[in-house]
Amino acid sequence: MIEVKVDFARCDANGTCAALMPDVFQIAANGLLEQLAETVPDDRDQDLDEVILCCPMGAISRA
């Protein structure tokens with residue numbers, strides 16, 4: 001399993017991560033990001049890498 005880390009202080013909740021991995025991230029009704037899972041299976045490493053690269057704030061990383 002790969003541990004997913006979100007720096008909520010940097011996050012601007014633009015929703016890119018939620019669009020790419022909706023089972024891991026979502027934008028809540030209050031407009032803030034919610035992390036639905038703290039880990040992802042090893043076979044989703046490329047999906048996570050895409051989210052990390054696409055986050056404009058650099059708020060998502062592997063822990």
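With n ≥ 4 as the cut-off for DSSP H runs, can you work out [θ] at 222 nm for the chain, using -39500 (n - 2.57) per run divided by the number of residues, rounded to the nearest 500?
-6000 deg cm²/dmol
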(Q) Tell me the relative contact order for segment 1-40 as a rounded percent, counting alpha carbon contacts under 8 Å between residues six or more apart. (A) 46 percent
Q: Would you work out the charge dipole size for the chain about its Cα centre, treating the Cβ of every Lys and Arg as +1 and the Cβ of every Asp and Glu as -1, and quote it to the nearest 20 debye?
A: 260 debye
Q | Nitroxide proxy distance, nm - points 7 Å out along Cα→Cβ at residue 14 and residue 61 | A | 1.9 nm
Q.
Using the Cα centre of the chain as origin and beta-carbon charges of +1 (Lys, Arg) and -1 (Asp, Glu), tell me which of 35, 53, 9 is placed farthest towards the positive end of the dipole.
A. 9
Q: Could you tell me how many degrees, from 0 to 90 and to the nearest 10, lie between the Cα long axis of helix 45-54 and the main elongation axis, the longest principal axis, of the Cα atoms of the chain?
A: 30 degrees
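Every read-out reported here was derived from the displayed coordinates using simple, explicitly stated rules and does not represent laboratory data. Just so we're clear, the structure is a prediction, and the values are computed from it rather than from any experiment. All Cβ positions, glycine included, derive from the backbone under ideal geometry; neighbour counts span all protein chains shown.
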